[in-house]
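The values are calculated or read from the model by the stated rules, or taken from the named source; none is laboratory data. The structure displayed is predicted, hence computed values, not measured ones. Ideal geometry is used to build each Cβ from the backbone, glycine not excepted, and the neighbour counts take in all protein chains shown. Heavy atoms of the whole protein, side chains included, go into the accessibility calculation; ligands, DNA and RNA do not. Shrake-Rupley method; radii C 1.70, N 1.55, O 1.52, S 1.80 Å.
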Amino acid sequence: MRILGFPIELVILDVDGVIVDILSGLRRNLEQAAHYLQLPCEPIAKNIEEVTQAKVRIQGNAYDSARNLWPHLTEEEVIRFIHHFYGIERECPYPLIDGSLDVIMLLRRHGIPVALATNNPIKSLLWRLEAVGIDLSWFAAIATKDHAYFKPHPKTFDHIFEQVRIKRERALYVGDLQIDWDMARGASVLFCAVLSGGVPRDAFITEGVSPRHIFNRLVDVIEYIEM
């Protein structure tokens with residue numbers, strides 16, 4: 001298989017913003033968790049606005065996000081917030097991004113292994129995907145926040161390549177955040193960005209991502225796949 005002219009034998013996907021539409025309910029879920037712990041909601045709206053305007057980078061994990069939103073929180077309070085936030089997400093899961101499942105099934109039909117690299121802990125990832133009808137057994141390897149390294153550390157990919165014996169130059173990673181690009185670049189893995197996570201096109205171009213490697217959604221990559 002070739003994508004954008006590159007020979008590819010493994011496709012690695014982020015989850016939030018690539019497979020599931022986290023933007024559809026993230027603000028609602030964050031504000032509900034904040035209300036429960038009597039935290040101000042204004043920082044949430046401000047942060048989301050700044051991300052979509054490329055003024056700030058998304059941290060890519062719940063712990064750092066909570067720390068950034070409410071710097072005064074103690075360690076115990078941050079953990080309480082994250083625990084409650086995950087509970088809300090489980091009750092109000094995010095839907096699939098249109099076409100993302102089609103891409104996964106297309107690759108599987110053609111025998112191309114698909115892996116996941118996400119900062120979700122495995123328990124969260126399990127019900128997150130179950131809610132949209134995706135089985136973890138479909139994936140050749142999964143790297144989560146539970147492993148020794150997680151995004152944006154380039155060694156996050158090590159766990160995947162230990163299980164899928166494919167050269168890094170034959171792998172493609174699709175992500176929706178600048179830290180995804182940082183990780184792929186640091187690990188010498190081909191990268192494509194999608195805009196379905198809220199980060200604007202100009203932000204990726206400023207970071208050095210080729211405009212040819214930026215797509216609105218994962219499904220738009222299909223046009224550039226040659227079997």
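Observations
- Counting only protein chain heavy atoms and rolling a 1.4 Å probe, the accessible areas of 83, 213 rank, largest first, as 83, 213.
- Estimated at 0.36 nm per residue, the fully extended path between residue 227 and residue 130 surpasses their Cα-Cα distance by 32.0 nm.
- Shown for the stretch 131-199: the carbon plus sulfur share of the solvent-accessible area, taken with all protein chains present and a 1.4 angstrom probe, equals 49%.
- Sequence-distant residues sharing a close amide H with residue 96 (under 5 Å, placed H): 21
- Total lysine pairs under 24 Å (Cα atoms) in the chain, excluding pairs fewer than 8 apart on one chain: 10
- A crude spin-label estimate for the pair residue 101 and residue 169, with each label 7 Å from Cα along the Cβ direction, gives 3.8 nm.
- Comparing 149, 36, 86 in a Gaussian network model of the chain (Cα springs below 10 Å), the most mobile by mean-square fluctuation is 36.
- Accessible area of the stretch 58-117 belonging to carbon and sulfur atoms, whole % at 1.4 Å probe: 52
- Restricting attention to the chain, close to 25% of DSSP beta bridges with both partner residues there are antiparallel.
- For the stretch 41-120, the list of trypsin sites (Lys or Arg not before Pro) that fall in a loop by DSSP and count at most 14 other C-beta atoms within 10 angstrom reads 55.
- Simple point charges give the picture: +1 on the Cβ of Lys and Arg, -1 on the Cβ of Asp and Glu, and for the stretch 156-206 a dipole about the Cα centre of about 240 debye.
- Reported value for the chain: 111 Å³ per residue, from the convex hull of its C-alpha atoms.
- Lys/Arg +1, Asp/Glu -1 at C-beta; the chain dipole; positive extreme among 78, 214, 11: 11
- Over the stretch 1-121: Rg over Rh, Cα atoms, Kirkwood Rh: 1.06
- Both numbers refer to the Cα atoms of the stretch 177-221; Rg and Dmax are 9.6, 25 Å.
- Compared with the alpha-carbon gap, the fully stretched path from residue 63 to residue 108 is longer by 12.9 nm at 0.36 nm per residue.
- Projecting label points 7 angstrom from Cα along Cα→Cβ for residue 27 and residue 137 puts them 4.0 nm apart.
- For the stretch 6-13, Karplus couplings with θ = phi - 60° (6.51, -1.76, 1.60), whole Hz, Gly/Pro x: 9, x, 10, 10, 8, 10, 10, 10
- The charge dipole of the chain, taken about its Cα centre with unit charges on the Cβ atoms of Lys, Arg (+1), Asp and Glu (-1) only, comes to about 460 debye.
- Highest-MSF residue in the chain out of 95, 40, 121 [GNM, Cα springs under 10 Å]: 40
- Helical contribution to [θ] at 222 nm, DSSP H n ≥ 4, -39,500 (n - 2.57), averaged over the chain, rounded to 500: -11500 deg cm²/dmol
- Accessible area of residue 72 in the full protein assembly, 1.4 Å probe (Å², nearest 10): 130
- Dipole magnitude for the stretch 1-69: about 120 debye, using +1 per Lys or Arg Cβ and -1 per Asp or Glu Cβ, origin at the Cα centre.
- Per residue, the chain exposes 47 Å² of accessible surface when a 1.4 Å probe is rolled over the protein heavy atoms with every protein chain present.
- Top of 25, 208, 99 by mean-square fluctuation, Gaussian network on the chain, Cα under 10 Å: 208
- Sites matching trypsin sites (Lys or Arg not before Pro) across the stretch 125-227 that sit in DSSP coil, with at most 14 neighbouring C-beta atoms within 10 Å: 165, 167
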